[in-house]
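Asks: After the structure tokens below, expect a handful of questions from me.
The values are calculated or read from the model by the stated rules, or taken from the named source; none is laboratory data. These numbers were taken from a predicted model, which means no experiment stands behind them. For neighbour counting, all protein chains shown are included, and Cβ atoms are generated from backbone atoms with ideal geometry for every residue, glycine included. Accessible surface areas use protein heavy atoms only, side chains included; no ligands, DNA or RNA. Shrake-Rupley method; radii C 1.70, N 1.55, O 1.52, S 1.80 Å.
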Amino acid sequence: MSRQRLSKIVMSFFALVVAGLLAAPIAEAGGVKMTFYGNQHFRFVSPGGTVILINPWIKGNKDATIGIDFYKKGEVDLILATSGHGDDQGNAVEIAARTGATIFTVAELGRWMQNEIEKYGGSKKQVYRGSIGGRYKIGDVTVQLIPSQHGSGIRAPKGVSAPLYGGPASGYLLSFENGPRILMAGSSALTMDFQLFGMRYKPDIAMLPMLGRFMMHPDDAAFAAKLLMTGNPNLKTVIPQHFRIKGRQGWMGTPEQFEAEVKKLGLPLKVLTPEIGKEITLGG
Amino acid sequence: MSRQRLSKIVMSFFALVVAGLLAAPIAEAGGVKMTFYGNQHFRFVSPGGTVILINPWIKGNKDATIGIDFYKKGEVDLILATSGHGDDQGNAVEIAARTGATIFTVAELGRWMQNEIEKYGGSKKQVYRGSIGGRYKIGDVTVQLIPSQHGSGIRAPKGVSAPLYGGPASGYLLSFENGPRILMAGSSALTMDFQLFGMRYKPDIAMLPMLGRFMMHPDDAAFAAKLLMTGNPNLKTVIPQHFRIKGRQGWMGTPEQFEAEVKKLGLPLKVLTPEIGKEITLGG
Amino acid sequence: MSRQRLSKIVMSFFALVVAGLLAAPIAEAGGVKMTFYGNQHFRFVSPGGTVILINPWIKGNKDATIGIDFYKKGEVDLILATSGHGDDQGNAVEIAARTGATIFTVAELGRWMQNEIEKYGGSKKQVYRGSIGGRYKIGDVTVQLIPSQHGSGIRAPKGVSAPLYGGPASGYLLSFENGPRILMAGSSALTMDFQLFGMRYKPDIAMLPMLGRFMMHPDDAAFAAKLLMTGNPNLKTVIPQHFRIKGRQGWMGTPEQFEAEVKKLGLPLKVLTPEIGKEITLGG
């Protein structure tokens, strides 16, 4: 091998390393970092440093220990929104406008968001519209929209007597390279698709809503976990979501109830209840 | 035990009895009373006297042998509405306003109802909004919203070119204390969730739509009954619903066709066809 | 038998033959003729000559080798539309108005179409509204609306910030007398109902969306084919649909990818990729 050729190879190698560093500026070793801010507001950082928010509800969310300004320009890559409800999509549009992040959601809610985002100084192009079944790849993460049995009305403008149509509600499947596959079930009711999700997508972790009234109660959520084990040896951990600490009302299900129901069914699953504002590592 | 303490216990006991009597002023022994007024308009009285209406369509319903004024102040506790369609929700809002009953339905349809009910002199607070999966307990009955494959458009106001969005259509699961568990499937199409409903909720009685065109035809409704038997030894009775006697048109399925289809599948189920205006007792 | 009576019988026989010819003016022997015009635009001619269009998208469809004027008065019997999306319903309303065809779709989208069709000189009566589960019989074909996990927003009028509500999206089951039973899955995501469709309706042919992003990607579409084989010995052929030739973008799935995924699952199915504008015969 000539010195010139060797030098070229070494240079290419360094170029690759540099490119790799640029692609993953906040790279974290070992697993996915997750922080919970109440209800369904979750922040994920992938092994490669991709930052993803789900349903980032802050304004009016008593459990959100951060303000909108916590999310700074360039520090969020992707925002997911499971329905048009105020506590689901939360402040997704405003945070996308601030940070420059991409939003990935269904076509109908996405259309409304495209109209909204310009009010906050963002661009329509930031909203990547898909529909149930569709995927979006960003950095080291592939996200897929999955069915959810829930409504998706958007708060009606003045003088309109019913909520606007946000399309079908959704869940998300997050597949992290060198990390776990996480199923986020949105605000779904119990439905047979949980069995399919197990058989077909074999998630390692399932995030299940258990507040009741507007979604599964803790016992149905535990049954969803059981269905998710169908043909799925990977499922080891279930994370209760869509619950509140501050301002909790009597009708609201608790993570403790959910854990008791999982035990009652005898499921060999770890129930991982997230604490507000505390970063934990999944599948690290 | 001191006489004073004994007296206290006796008093408490009487207080409980009195409270119980107040809670169940129209108490009926043995089972749930059901009366059918055509289409999907059903009136239930629980063993404890809780009065529940489903889809109380009167105005324009040729089979309704009663008028709106049949339902008097304080005589209805709960009203359920499976979709925003005129023949489904029927006169739910007007009857709630008249009687003071609570309406339990999905968030989107419920929001529209909250805007409507004040026109009839009712209060927004009468509408208890949930979403699919959610439960509401009243007296001796727990009601749960379950998935339904159907539309839920609300009649458009003048100048609007499409129906308003009523959220997802629903069915209801009615669990009566000291009585049967009844699954009311709304106006659903055939879907795998009927299998889940059997496995998970094990209803004793299923009320299945079989009009066709806008929902299951009689043969699909019989197949839904079959799916509901999955892992469910309780199901003994199926009740055809969403059919008409007066003003029936050629395309409309009949209870007789439904019964024939249930027989064709060899299902060991009693087909109980309700008669207009005749009160019957279920699971008494 | 008198000569007069014989003559009468012969005349009646000829009358029947003539009536038969009139009823089936484009009668074709042996099977269903199908022509593909890109995306989900399909034209079917039944054995008895019934002409059915699905999602006839022409304006803006780069793969449509025909113009709106291809469809002439009296030459289309039925038009099906699986959602309110512009590339799904396409030019259904305009073509119905031109040809006099009946449209069969869900109540909500149908209501909007009834308002639109008069703008093109058509009549509200041409829109036969149903909902999921409902059937419509025309000539020698019975069509049934089946569930689909997809959105159905209709393009918003000026000044409205979200799409209008088109009701639930749908698929269609087409049962041809003396021909195959074809399941057209619309733009659905993967859902357990594909298993039910196999068990219950036992289609011979399934048309599966595989574009990705707004619906199943090719691998999920292949899995849907697998589910459709559940309890269904009839399924022999799968047809990829909702794909493009001209103007295809990077994210769009291809029929080749779909075929590779069907092979990867080892399914004993023929993948029949339709060519633009080429008439083929199904189940002839």
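Asks: Looking at the range C:231-251, I want the residues that are farther than 24 Å from C:PHE194 by Cα and have a partner that is open to solvent by less than 60 Å² (accessible area, probe 1.4 Å) and of a type in the set (Lys, Arg) with Cβ atoms under 7 Å, at least 6 apart or on another chain. Which pairs are those?
Replies: Once the first residue is farther than 24 Å from C:PHE194 by Cα and sits in the range C:231-251, its partners that are open to solvent by less than 60 Å² (accessible area, probe 1.4 Å) and of a type in the set (Lys, Arg) give C:TRP251/C:ARG213.
Asks: If C:TYR120 satisfies every condition in (1) more than 12 Å from chain B (Cβ to nearest Cβ); (2) open to solvent by less than 10 Å² (accessible area, probe 1.4 Å) but one, which is the exception?
Replies: (2)
Asks: Determine if the range B:197-211 includes at least one residue that is touching a helix residue (DSSP H, G or I) at 6+ places or on another chain (Cβ under 9 Å) and among the acidic types (Asp, Glu).
Replies: no
Asks: Could you look through the range B:138-165, keep only residues that are part of a strand (DSSP E or B) and facing chain A (nearest Cβ under 9 Å), and pick out the one that is farthest from B:ALA189 (Cα to Cα)?
Replies: Of everything passing the filter in the range B:138-165, B:LEU164 is farthest from B:ALA189 (Cα to Cα).
Asks: Name the one entry in B:PRO180, B:PRO157, B:PRO147 that is closer than 19 Å to B:VAL238 by Cα and surrounded by fewer than 23 Cβ atoms within 10 Å (Cβ to Cβ).
Replies: Matching residue, one of B:PRO180, B:PRO157, B:PRO147: B:PRO180.
Asks: Oh, and also: Only one of these is at pLDDT 95 or above and among the basic types (Lys, Arg): B:LYS8, B:LYS72. Name it. Break it down stepwise before answering.
Replies: On the way: B:LYS8 fails: at pLDDT 95 or above.
Being at pLDDT 95 or above and among the basic types (Lys, Arg) holds for just one of B:LYS8, B:LYS72, which is B:LYS72.
Asks: To continue, here is another question. Return the residue satisfying two criteria in turn: it lies in the range A:259-273 and is among the basic types (Lys, Arg) and within 10 Å of A:ALA222 (Cα to Cα), and of such residues it is farthest from the chain's Cα centre (by Cα). Before you say what the answer is, go through the steps one by one.
Replies: Residues of the range A:259-273 among the basic types (Lys, Arg): A:263-264, A:270.
Add one more test, that the residue is within 10 Å of A:ALA222 (Cα to Cα), and what stays is A:263-264.
Values: A:LYS263: 26, A:LYS264: 28 Å.
Residue satisfying both the conditions and the ranking: A:LYS264.
Asks: What number of residues within the range C:109-139 are in contact with a strand residue (DSSP E or B) (Cβ under 8 Å, 6 or more places away or on another chain) and touching a residue at least 60 places away in the same chain (Cβ under 8 Å)?
Replies: 1
Asks: Residues to consider are A:LYS263, A:LYS270, A:LYS278; find the one that is without any contact (Cβ under 8 Å) to a residue 12 or more places away in the chain and open to solvent by 50 Å² or more (accessible area, probe 1.4 Å).
Replies: Working: A:LYS270 fails: without any contact (Cβ under 8 Å) to a residue 12 or more places away in the chain; A:LYS278 fails: without any contact (Cβ under 8 Å) to a residue 12 or more places away in the chain.
After ruling out the rest, the residue left standing is A:LYS263.
Asks: Taking into account only those residues within the range A:222-231 that are more than 9 Å from chain B (Cβ to nearest Cβ) and assigned to a helix (DSSP H, G or I), which is surrounded by the fewest Cβ atoms within 10 Å (Cβ to Cβ)?
Replies: Residues of the range A:222-231 more than 9 Å from chain B (Cβ to nearest Cβ): A:222, A:224-226, A:228-231.
This time we only want the ones that are assigned to a helix (DSSP H, G or I), so: A:222, A:224-226, A:228.
Numbers: A:ALA222: 27, A:ALA224: 28, A:ALA225: 26, A:LYS226: 19, A:LEU228: 27.
It comes out as A:LYS226.
Asks: Still on this structure, please answer the following. If you take the residues of the range A:195-219 that are in contact with a Ser or Thr (Cβ under 9 Å, 6 or more places away or on another chain), over 25 Å from A:LYS33 (Cα atoms) and not basic (Lys, Arg), which of them is farthest from the other protein chains (Cβ to nearest Cβ)?
Replies: Checking each candidate, the answer is A:PRO218.
Asks: Additional query: Looking at the structure I just gave you, is C:ILE132 open to solvent by less than 10 Å² (accessible area, probe 1.4 Å), assigned to a loop (DSSP other than H, G, I, E, B) and within 9 Å of chain B (Cβ to nearest Cβ)? Show your work before the answer.
Replies: Working: open to solvent by less than 10 Å² (accessible area, probe 1.4 Å): yes; assigned to a loop (DSSP other than H, G, I, E, B): yes; within 9 Å of chain B (Cβ to nearest Cβ): yes.
Yes: the conditions hold for C:ILE132.
Asks: Let me ask something else. Can you pull out every residue in the range B:173-216 that is among the hydrophobic types (A, V, I, L, M, F, W, C) and part of a helix (DSSP H, G or I)? Reasoning before the result, please.
Replies: From the range B:173-216, those among the hydrophobic types (A, V, I, L, M, F, W, C) are B:173-174, B:176, B:182-185, B:189-190, B:192, B:194, B:196-197, B:199, B:205-208, B:210-211, B:214-216; that's our starting set.
Residues satisfying the conditions are B:PHE194, B:LEU196, B:PHE197, B:MET199.
Asks: Same structure again: Any idea which residue in the range B:166-175 is nearest to C:SER170 (Cα to Cα), counting only those that are away from chain A (no Cβ under 12 Å) and crowded, with 24+ Cβ neighbours inside 10 Å? Give the steps one after another, and end with the answer.
Replies: Residues of the range B:166-175 that are away from chain A (no Cβ under 12 Å), as a first pass: B:172, B:174-175.
Checking which are crowded, with 24+ Cβ neighbours inside 10 Å leaves us with B:172, B:174.
Details: B:TYR172: 23, B:LEU174: 29 Å.
For the range B:166-175, the residue satisfying everything is B:TYR172.
Asks: Now for a separate question. Given the conditions (1) facing chain A (nearest Cβ under 10 Å); (2) of a type outside the set (A, V, I, L, M); (3) over 19 Å from C:ASP87 (Cβ atoms), which single one is not true for C:SER188?
Replies: Condition not satisfied by C:SER188: (3).
Asks: Based on this model, can you work out whether B:ASN39 counts as buried (at least 22 other Cβ atoms within 10 Å of the Cβ), more than 14 Å from chain C (Cβ to nearest Cβ), over 15 Å from B:ILE117 (Cα atoms) and under 15 Å from the mean Cα position of the chain (by Cα)?
Replies: Details: buried (at least 22 other Cβ atoms within 10 Å of the Cβ): yes; more than 14 Å from chain C (Cβ to nearest Cβ): yes; over 15 Å from B:ILE117 (Cα atoms): yes; under 15 Å from the mean Cα position of the chain (by Cα): yes.
Yes: the conditions hold for B:ASN39.
Conditions tested, residue by residue: (1) within 22 Å of A:SER131 (Cβ to Cβ); (2) part of a helix (DSSP H, G or I).
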{"position": "C:ILE79", "(1), (2)": "no, no"}
{"position": "C:GLN89", "(1), (2)": "yes, no"}
{"position": "C:ALA97", "(1), (2)": "no, yes"}
{"position": "C:THR105", "(1), (2)": "yes, no"}
{"position": "C:MET113", "(1), (2)": "yes, yes"}
{"position": "C:TYR128", "(1), (2)": "no, no"}
{"position": "C:GLY171", "(1), (2)": "yes, no"}
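Asks: For the subset of the range A:233-260 comprising residues that are assigned to a loop (DSSP other than H, G, I, E, B) and in contact with a Pro (Cβ under 7 Å, 6 or more places away or on another chain), which member is most open to solvent (accessible area, probe 1.4 Å)? Explain how you work it out, then say what you get.
Replies: Here is the first cut: in the range A:233-260, the ones assigned to a loop (DSSP other than H, G, I, E, B) are A:233-236, A:242, A:244-254.
In the following step, the residues that additionally are in contact with a Pro (Cβ under 7 Å, 6 or more places away or on another chain) were identified as A:234-235, A:242, A:253.
Numbers: A:ASN234: 59, A:LEU235: 7, A:HIS242: 5, A:GLY253: 5 Å².
In this case the residue turns out to be A:ASN234.
Asks: With the requirement that a residue be surrounded by fewer than 19 Cβ atoms within 10 Å (Cβ to Cβ), of a type outside the set (Phe, Trp, Tyr) and more than 14 Å from every other protein chain (Cβ to nearest Cβ), what does the range B:64-113 give you? Break it down into steps so the answer makes sense when it comes.
Replies: Step one: filter the range B:64-113 for residues surrounded by fewer than 19 Cβ atoms within 10 Å (Cβ to Cβ), giving B:65-70, B:72-75, B:86, B:100, B:102.
Adding the requirement that they be of a type outside the set (Phe, Trp, Tyr) leaves B:65-69, B:72-75, B:86, B:100, B:102.
B:THR65, B:ILE66, B:GLY67, B:ILE68, B:ASP69, B:LYS72, B:LYS73, B:GLY74, B:GLU75, B:GLY100 - these are the residues of the range B:64-113 that are surrounded by fewer than 19 Cβ atoms within 10 Å (Cβ to Cβ), of a type outside the set (Phe, Trp, Tyr) and more than 14 Å from every other protein chain (Cβ to nearest Cβ).
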